[in-house]
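The values are calculated or read from the model by the stated rules, or taken from the named source; none is laboratory data. None of the values given here were measured: they were computed from a predicted structure. For neighbour counting, all protein chains shown are included, and Cβ atoms are generated from backbone atoms with ideal geometry for every residue, glycine included.
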Amino acid sequence: MKDKPTSMDRRELLKLSGVSLGAATAGAVGMVGISAPAYAQKLGISDSKLIEVLDRGHLIVGTGSTNPPWHFEDADGNLQGMDIDMARLLAKGLFDDPDKIEFVKGNPDARIPNLITNKVDIVVQFMTITPGRAQQAEFTIPYYREGVGVLLRKDSELNTMDDLLAAGENLTVSALQNVFIEDWVHVGLPQAKVDQYDSIDAALQALNARRADAQLADLSAVRWQIKQFPDRYKEPGKGWMPNSYAAAVKPGDPIWLNWVNSVFKEAMMGVDFPIMQASYKKWFGLDINSPNIGFPSEFS
Amino acid sequence: MLDYNFNFSVIWRNADEFLTGLGLGLGMALISLLIGSVIGLLCAYGRTSRFAPLRALIWLYVEFVRNTPLLLLIFFVYFGLPEFGIFVFDKVESFILTLALYAGAYMTEIFRAGLNSIPKQYVEAAMAIGLTPIKRQTKVVLPVMFRITLPSLSNTLISLFKDTSLAAAIAVPELTFIARQVNTNTFRVIEAWLTASVLYLAAAYTIAIALRRLERRYAAIR
């Protein structure tokens, strides 16, 4: 990739795209009197993923297709979800077109390998930041804090976390069979009985059929269920066991990482806030408040 | 050969759970067999009734149960009945009820065949010595039918015992459920399923041998 002959396209992009690099480069050109691509090369940014993606004309994103509300297919087979929205924000920032994007679908265990082998430019697939993973991939700033929570039937007399705790041993919680799942339930509800099922829909049906008083699930999945069936479900408004979801890039490319971070941050705090707000509403049924005007987040 | 390091320590650590699971499975199979036998006997007699709607009802029951996968029946009773407001049974009771209904349908057919195969002369002889209709059944027909159907009953018990593995789907902590749990928690996949298989095999084979002896003792008189 290094020292690839530069095209007019790239020069135009560097000058015209909203990317701050473009402006910096143009300024430098005036002062020192060398060409923009040459200056980019001197700065070492010509071998950044950012330039490669701009040259290619579309973004390649690693994600999945089977986990609502994060990444899943609609009735026509098109990918949708919170992860997909975050990816489209990047395409919009790069090409002013959220559809200039190619999704590479894979299992969660293919996320880091796909990055390392350059099959994708970025992974946006509900990836939990862990210190171990952070040694293999570089994480962007998080765009969601996941946790576990419980789903309740709307007609249940249990409403709050206090109600659930008061039920003690008489509370049955259904969950997908998983390592440590009993421990997870007991972090939030120390005395509850846990019924483990071999599929997520059986665990949900146990709740529907009153075989269980509550279903343990990722809080995002709980919110998605309630968003879809507001007349059937509710939640006590509490989650536990926090973990952060972020996108990840191949290590060693601060320019690309910084650009993605800028886009994500401004979606949460700045110009693209309305898009983020709509996504949160659409996938989680959550209303998030517009950032205060006047001070940056550090003062709020 | 297998490129796999066996480690059975997780099995020993969970030995109690495996054995309790096995016991639960055996218990559920036995109770289902007993209830199923009663259902089967009543329905087998019912099928010889002159009252057509009763015969039709039994036919419907037998064909519905025999031609529906057991797992679906389990789901129907466990998940489905509460949707109709029936909350009587917990998960173990739901499973036993389902398995008993399932066994009952098969046993209706077994007993019907048994009743049909009793030589007409036996009944005629019983009539000739003046036995009442009830005594004709309890003293002659049923004992002979029991001997004729014993091999089929043994088969049914073993197959019911193996069917208890399906109870894992509704979170009943029997042997398969325990094996799956150990498997999920420790990733000792082969050890967990190997242990479950050996326990199933040993238990089923023991039942088979015991029943074979019983069959020999009460072999149908030829």
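Key figures for this structure:
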| quantity | calculated |
| --- | --- |
| Selection from the range B:50-78 of residues that are farther than 17 Å from B:Gly36 by Cβ, touching a helix residue (DSSP H, G or I) at 6+ places or on another chain (Cβ under 9 Å), among the hydrophobic types (A, V, I, L, M, F, W, C) and free of Cβ contacts under 8 Å to residues at least 60 places away in the same chain | B:Leu54, B:Leu57, B:Trp59, B:Phe76 |
| Filter pass, A:Asp121 being over 29 Å from the mean Cα position of the chain (by Cα) and either more than 14 Å from chain B (Cβ to nearest Cβ) or buried (at least 20 other Cβ atoms within 10 Å of the Cβ) (or both) | no |
| Spans of helices (runs of 4 or more DSSP H) in the range B:120-199 with at least 2 residues within 14 Å of chain A (Cβ to nearest Cβ) | B:175-186 |
| Unique residue being within 19 Å of A:Glu182 (Cα to Cα) and either among the polar types (S, T, N, Q) or modelled with pLDDT under 95 (or both) when the list is B:Asn155, B:Asn183 | B:Asn183 |
| Single residue of the range A:177-213 satisfying the filter (within 13 Å of chain B (Cβ to nearest Cβ) and among the small types (Gly, Ala, Ser)) that is nearest to B:Pro82 (Cα to Cα) | A:Ala209 |
| Residue among A:Ile288, A:Ile226, A:Ile275, A:Ile255 that is touching a Phe, Trp or Tyr at 6+ places or on another chain (Cβ under 6 Å), over 30 Å from B:Gly85 (Cβ atoms), β-branched (Val, Ile, Thr) and away from chain B (no Cβ under 14 Å) | A:Ile288 |
| Among residues of the range B:200-222, those that are assigned to a loop (DSSP other than H, G, I, E, B), surrounded by 12 or more Cβ atoms within 10 Å (Cβ to Cβ) and of a type in the set (A, V, I, L, M), counted | 2 |
| Test set (1) out of contact with any helix residue (DSSP H, G or I) (no Cβ under 7 Å at 6 or more places or on another chain); (2) within 14 Å of another protein chain (Cβ to nearest Cβ); (3) of a type in the set (Lys, Arg) - B:Lys91 fails condition number | (1) |
| Qualifying residues in the range A:150-176 (those that are within 14 Å of chain B (Cβ to nearest Cβ) and within 16 Å of A:Ala209 (Cβ to Cβ)) - the one surrounded by the fewest Cβ atoms within 10 Å (Cβ to Cβ) | A:Asp155 |
| Sole exception among (1) outside any helix (DSSP H, G or I); (2) under 30 Å from A:Ile255 (Cα atoms); (3) not charged (D, E, K, R) for A:Ala134, by number | (1) |
| Single match in B:Glu83, B:Glu63 (criterion: of a type in the set (Asp, Glu), out of contact with any strand residue (DSSP E or B) (no Cβ under 9 Å at 6 or more places or on another chain) and within 14 Å of another protein chain (Cβ to nearest Cβ)) | B:Glu83 |
| Which numbered condition B:Met107 fails, given (1) more than 14 Å from chain A (Cβ to nearest Cβ); (2) assigned to a loop (DSSP other than H, G, I, E, B) | (2) |
